[in-house]
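Step one of this worksheet: look at the structure below.
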Amino acid sequence: MADRVFAGVLLLVTLAYSVIAFTAISAPFQYDPLGPESWPRLLSIVAILCILAILWKPDTEALDVSNRAWFRLFATVVLLVAYAELYEPFGFVVATILFGTVMAAMLGAGILRAGIFGVVAGVAGYLLCAQLMGLNLPEGELVAWVTGAFTPDTTGGSS
Amino acid sequence: MNILRLGAIVALSVGLAAPTFAQGIDSPECVAPANPGGGFDLTCRIAQTGLEPQLGEAMQVTFMPGGIGAVAYNLFNTTRTDDGSAIVAFSSGSLLNIATGKYGEFDENDVRWVATAGADFGAVIVRSDSKYQTLSQLMDDFAADPASVVLGAGGSVGSQDWMKGALLLRDAGASPRDMRYVAFDGGGEAIAALLGGSIEVYTGDVGEMVPHLDSGDMRILAVLSSERLGGAFADIPTAIEQGYNVEWTIMRGFYMGGEVSDAAYNAWVDAFKAAYQTEEFAALQAEKGLLPLNVAGDELTAMVKKNVQGLREVAKEAGLIQ
Amino acid sequence: MESVISGLATGFGVAFQPFNLMLVVFGCFAGTLIGALPGLGPINGVAILLPIAYGLGFPPESALILLAGIYYGAEYGGRVSAILLNVPGDAGAVMTTIDGNPMARAGEAGRALSLSAVASFVGGTFAVVLLSIFGPALAAFAVTFSPSDYVALMVFAFASLASLVGKSTVKTLLGALIGLMLATIGIDANTGVARYTFGIPDILAGIDFLIVVVGLFGMAELLTLVEHQAAGTLKSLPVDKSFVRWADISRTKWTIARSSVIGFFIGILPGTGASVASAVAYGTEKRISDREGTFGHGDPRGLAAPEAANNAAAGGAMVPMLTLGIPGSGTTAILLGALLMFNIQPGPMMFTQRPEVAWGLIASMYIGNVALLVINLPMVGLFARMLTIPQHYLTPLIAILAFIGIYTIVGNPFDLLMITGLGVFGWLLRKMEFSLAPVILGFVLGGLFEDNLRRALSISGGDWFILVESWKSIAMYLLAILVAVVPVILARRQKVVVA
């Protein structure tokens, strides 16, 4: 059953892919006989046949994921999206402390230990990657604003 | 990075380098919006070596392949709009893409044009054992049967590499649509295909041929400049000299995001202007096969806008845009 | 041959200077760390450290030796997270997860890490030996590979990958197709037409390979860990003290030899790299040796094959760069840029004009391989301890490392959302019993296949016969048939014997 639902969704996406390949993609002119549209057309047809085969004879009955696991998975994805969104505004250190703490706490580390983990990961990660290896990690607008490490344009000016 | 900063401090205290105006630029970066090895790479290398005395450190060159530079252009118009430490390489090809609308909603008014690295020129290149000894032999074949010559380069249809081929065919009296053109992923792959015999003619640039001049593997039939170049290229005739009115000048330079602070922008512009005054920068340009075209700041901005307008008209003529 | 020996003597003279020796060791060490971060690989390692090496004012041969050490180290480092966490550190390490991670889960992380170090060492050394003896001739051969020959190579690659078929043939095929379709997103390299980009600039150039790898593998693995932990099915591993045994090496010696050859020859071709090399080597090896169906469940041969191949490919990619000045991969292109920065023109002239640079670099590759083995074997125990980190720390740590690795490549936060989305998709695919390797390989090979097919047809003016014109392509089609058919026949014969 789970198979069929998944294959059904995939079928819709592939059909959309196919429709675009057959109608929208074209070049003003081209030097090869295939052009930009033939390859996606071919792929989409074979893919649709494969999906129909799965719909015809599915083999995965159920996902077998407990409600508890569903909840945690959902929370993890929310956390990851938040982490990605806050990466630049908060900067690597703050975003990582927040993410590391919440994630570790959710997975069962004690709140205090989770906090220590988050701080260590954020600070050590920054020191190791940005300072030692010279990687380009975001310092964060928030941090810059709080510490005043950056002065705004008004006082900056060219020297 | 600590090692680098330490080095810069030492250099400063000895009084060797790092003039005051470069202070606004922290960990400078040049973004080459392509895979390594091509023209954007070369452009960034010029800034990297040429600005080193002004910046006090060698800037990092990063690669942001985007086929035609659209990713970098959009990134610097959406997320890194105020990144004062990074400059992005552009060329006439980027301007062509802006003109033909390939960069989406953003146009030439959305970024800040910093400075030029110099000018490069198109070149018609064959293998040294090719049957084409002169440009006129090639042009005769183009005129007789355009499909008899397999021509390749590192860009897609509508790119400036393609445009060079199209202009050659048009001058020979043939239609660019009859060309046998093979699009490779960057100049490196196209050169490999030329050496391997998959293609007969490569419409590349003068600058990228510098490392290959001594090897004797390839020959430049013509340089697509308005006047003969100097240095290592002094012996190579232009297409115009040989009686074919084909010219392709590539402006190479750098832009920054549209919301970069004046302080950061001016620091870069000043660094370039200072570098232009040095003999080392001129030597560097010559060595990389670039002619001096030293324009920065407002002057460049005006020049770019005029240039894009002109390209828009040409693209309309060629049927690339409505 | 004499010139090779005298050249190598010069080279070792340069490379054995204490300062240069120290740089090789440092480079290998730093490279291993960078390579172990998911996402960051040899390309980024070399690109990041190039300006530092230049800025420190080292002589050219020393700077290049440092960078080559980093290059090699990062190729090695990619396997650490692949084996331990099922998260490939870079493109060449995808196939390493297939048998490497099951070994680690069975409590043999140390054995897997040390065996892969040995396989990498052999593959890397084999490549350098061939490079120093036959370099120029090989490069001349590599550029004669025309677009139609690449098409044949892709057919061969897909034929060897037919061995990856898992539980369901249809699902394997569909997985590969999903990868192929993902690869069509972005601007078409031939006509410049945008396909499936929907006006989103971040995918105009297509989805970066590293994003697909870290998303589909790394983030999907993370979600799987979360799910298993919630279900309580995650068993913690004891401290693992296993190490490679002589029997392992003797059992994998032919695997390593074959894979080194495959990896090296794919590596010297411009445009293909460690990812294609390791995939073909794994597929071929599985076709040849997997009689008992142990591949994919922690078979040492399935681990040794891609590891020997990706390091041999890294060495092979140096061939066209050093002898012709043509970069065969992104990393060698950066090394080429480094040479130009020091005003050294690569190509045949380099060996006569600047022998100390050319041969010093080659000699440092020999030393780098030895240094990597020496540095890495003692570190095996340390790396293996990563598995004893409690799950509630390890899981967020994977996300933090993956975010660092992906963000620092381009500095685009959109990429972080992409790996998260691809992670959810990868997790779903895994739940549906799809295997992920075909998806990744479809993605890698898809672009090469389509672009070269259309290039070949542009060259021929639409004549399909160009695809079977050269002996190289015919040889590869024959090999493809061999790889696809022979195991089937062998299996049938075995059945007859059993019956």
Could you give me the residue pairs with C-beta distances under 6 Å whose first residue belongs to the range C:305-317 and is at pLDDT 90 or above, whose second residue is surrounded by 24 or more Cβ atoms within 10 Å (Cβ to Cβ) and among the aromatic types (Phe, Trp, Tyr) wherever it lies, and which are 6+ apart or on separate chains?
C:ALA305/C:TYR282; C:PRO306/C:TYR282; C:ALA312/C:PHE264
Among the residues of the range C:346-395, which ones are small (Gly, Ala, Ser) and part of a helix (DSSP H, G or I)?
C:ALA358, C:GLY360, C:ALA363, C:SER364, C:GLY368, C:ALA371, C:GLY381, C:ALA384
Looking at the range B:197-209, which of its residues are at the interface with chain C (Cβ under 8 Å from one of its Cβ atoms) and either surrounded by fewer than 21 Cβ atoms within 10 Å (Cβ to Cβ) or within 15 Å of B:LYS164 (Cβ to Cβ) (or both)?
B:GLY197, B:ILE199
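More than 13 Å from chain B (Cβ to nearest Cβ), assigned to a helix (DSSP H, G or I) and not hydroxyl-bearing (Ser, Thr, Tyr): does that describe C:LEU182?
Yes.
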I'm trying to understand the selection: among the residues of the range B:132-161, which are among the charged types (D, E, K, R) and in contact (Cβ under 8 Å) with a residue 40 or more places away in the chain?
B:ASP161
Any residue at all in the range C:292-307 that's closer than 30 Å to C:ILE489 by Cα, over 18 Å from the mean Cα position of the chain (by Cα) and among the aliphatic types (A, V, I, L, M)?
no
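Here are some residues: A:ALA27, A:ALA105, A:ALA109. Which one is more than 7 Å from every other protein chain (Cβ to nearest Cβ), small (Gly, Ala, Ser), more than 27 Å from C:ASN412 (Cβ to Cβ) and surrounded by 14 or more Cβ atoms within 10 Å (Cβ to Cβ)?
Numbers: A:ALA27 fails: more than 7 Å from every other protein chain (Cβ to nearest Cβ); A:ALA109 fails: more than 7 Å from every other protein chain (Cβ to nearest Cβ).
Residue meeting the stated conditions: A:ALA105.
Tally time: how many residues in the range B:182-197 are assigned to a helix (DSSP H, G or I) and closer than 19 Å to C:GLY461 by Cα?
Kept after step one, since they are assigned to a helix (DSSP H, G or I), are these residues of the range B:182-197: B:187-196.
Keeping just the survivors that are closer than 19 Å to C:GLY461 by Cα gives B:190, B:193-194, B:196.
Residues in the range B:182-197 being assigned to a helix (DSSP H, G or I) and closer than 19 Å to C:GLY461 by Cα: 4 in total.
Say we look at the range C:445-482 and pick out the residues that are of a type in the set (Asp, Glu) and assigned to a helix (DSSP H, G or I); which of these is nearest to C:LEU161 (Cα to Cα)?
Filtering the range C:445-482 for residues of a type in the set (Asp, Glu) gives C:450-451, C:463, C:469.
When the remaining residues are screened for being assigned to a helix (DSSP H, G or I), the result is C:450-451.
On the way: C:GLU450: 18, C:ASP451: 20 Å.
Checked the range C:445-482; the qualifying residue nearest to C:LEU161 (Cα to Cα) is C:GLU450.
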Need the failing condition index for A:GLU37 against (1) crowded, with 16+ Cβ neighbours inside 10 Å; (2) outside the structural domain of A:VAL5 (by TED's automatic domain parsing); (3) of a type in the set (Asp, Glu), just the number.
(2)
Return the only residue of C:GLY124, C:GLY135 being away from chain B (no Cβ under 14 Å), touching a Ser or Thr at 6+ places or on another chain (Cβ under 7 Å) and either charged (D, E, K, R) or touching a residue at least 60 places away in the same chain (Cβ under 8 Å) (or both).
C:GLY135
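Just checking, which of B:TYR255, B:TYR265 is part of a helix (DSSP H, G or I) and either closer than 30 Å to B:ASN109 by Cα or outside the structural domain of B:VAL31 (by TED's automatic domain parsing) (or both)?
Values: B:TYR255 fails: part of a helix (DSSP H, G or I).
On inspection, the qualifying residue turns out to be B:TYR265.
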Here the residues within the range A:58-90 that are within 30 Å of C:LEU174 (Cβ to Cβ), under 20 Å from the mean Cα position of the chain (by Cα) and facing chain C (nearest Cβ under 7 Å) are A:ALA69, A:ARG72, A:LEU73, A:THR76, A:VAL77, A:LEU80, A:VAL81, A:ALA84
I'd like to check something: does the range B:195-205 contain any residue that is more than 25 Å from C:SER148 (Cβ to Cβ) and either of a type in the set (Lys, Arg) or touching a residue at least 60 places away in the same chain (Cβ under 8 Å) (or both)?
yes
Kindly indicate whether any position in the range B:127-148 is within 14 Å of chain C (Cβ to nearest Cβ) and of a type in the set (Val, Ile, Thr).
no
Does the range C:221-276 hold any residues that are at pLDDT 80 or above and within 14 Å of chain A (Cβ to nearest Cβ), and which are they?
C:GLU221, C:LEU222, C:LEU223, C:THR224, C:LEU225, C:VAL226, C:GLU227, C:HIS228, C:GLN229, C:ALA230
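Among B:ASP120, B:ASP82, B:ASP129, B:ASP110, which is at pLDDT 80 or above and either assigned to a helix (DSSP H, G or I) or under 19 Å from the mean Cα position of the chain (by Cα) (or both)?
Values: B:ASP82 fails: either assigned to a helix (DSSP H, G or I) or under 19 Å from the mean Cα position of the chain (by Cα) (or both); B:ASP129 fails: either assigned to a helix (DSSP H, G or I) or under 19 Å from the mean Cα position of the chain (by Cα) (or both); B:ASP110 fails: either assigned to a helix (DSSP H, G or I) or under 19 Å from the mean Cα position of the chain (by Cα) (or both).
The match here is B:ASP120.
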I'd like the residue in the range B:149-178 that is facing another protein chain (nearest Cβ under 7 Å) and under 29 Å from B:TYR103 (Cβ atoms) and, out of all such residues, is modelled with the highest pLDDT.
B:SER156
If we scan the range B:31-43, do we find a residue that is at pLDDT 80 or above, more than 10 Å from chain C (Cβ to nearest Cβ) and surrounded by 22 or more Cβ atoms within 10 Å (Cβ to Cβ)?
yes
Check the range A:33-53 and report whether any residue there is among the hydroxyl-bearing types (Ser, Thr, Tyr), in a loop (DSSP other than H, G, I, E, B) and either within 23 Å of C:LEU445 (Cβ to Cβ) or facing chain C (nearest Cβ under 7 Å) (or both).
no
Meets criteria (under 21 Å from the mean Cα position of the chain (by Cα), closer than 30 Å to C:SER3 by Cα and in a helix (DSSP H, G or I)) for C:VAL155:
no
Can you tell me which residue in the range B:49-70 is surrounded by the most Cβ atoms within 10 Å (Cβ to Cβ), limited to those that are touching a Gly at 6+ places or on another chain (Cβ under 9 Å) and part of a helix (DSSP H, G or I)?
B:ALA70
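Name the residue that is nearest to C:THR169 (Cα to Cα), counting only residues in the range C:417-459 that are hydroxyl-bearing (Ser, Thr, Tyr) and at the interface with chain A (Cβ under 9 Å from one of its Cβ atoms). Spell out the reasoning first.
Step one: filter the range C:417-459 for residues hydroxyl-bearing (Ser, Thr, Tyr), giving C:420, C:435, C:458.
From what's left, at the interface with chain A (Cβ under 9 Å from one of its Cβ atoms): C:420, C:458.
Numbers: C:THR420: 28, C:SER458: 34 Å.
Looking at the filtered set, the residue picked out is C:THR420.
Only one residue in B:PHE76, B:PHE63 is closer than 23 Å to B:ILE25 by Cβ and more than 8 Å from chain C (Cβ to nearest Cβ). Which one?
Values: B:PHE63 fails: more than 8 Å from chain C (Cβ to nearest Cβ).
It is B:PHE76.
For the range C:390-402, indicate whether the set of residues that are under 21 Å from the mean Cα position of the chain (by Cα), surrounded by 22 or more Cβ atoms within 10 Å (Cβ to Cβ) and closer than 25 Å to C:PHE29 by Cβ is non-empty. Spell out the reasoning first.
Taking the range C:390-402 first, the residues under 21 Å from the mean Cα position of the chain (by Cα) are C:398, C:401-402.
If we keep only those that are surrounded by 22 or more Cβ atoms within 10 Å (Cβ to Cβ) too, we end up with C:401-402.
Checking the rest, the ones that are also closer than 25 Å to C:PHE29 by Cβ come to C:401-402.
Yes, the conditions are met somewhere in the range C:390-402.
Based on what the data block shows, is A:VAL93 surrounded by fewer than 19 Cβ atoms within 10 Å (Cβ to Cβ), more than 7 Å from chain C (Cβ to nearest Cβ) and farther than 30 Å from C:SER460 by Cα?
Values: surrounded by fewer than 19 Cβ atoms within 10 Å (Cβ to Cβ): no; more than 7 Å from chain C (Cβ to nearest Cβ): yes; farther than 30 Å from C:SER460 by Cα: yes.
So A:VAL93 fails the test.
The values are calculated or read from the model by the stated rules, or taken from the named source; none is laboratory data. None of the values given here were measured: they were computed from a predicted structure. Don't worry about glycine lacking a Cβ; one is built from the backbone with ideal geometry, like all the others, and counts go over all protein chains shown.
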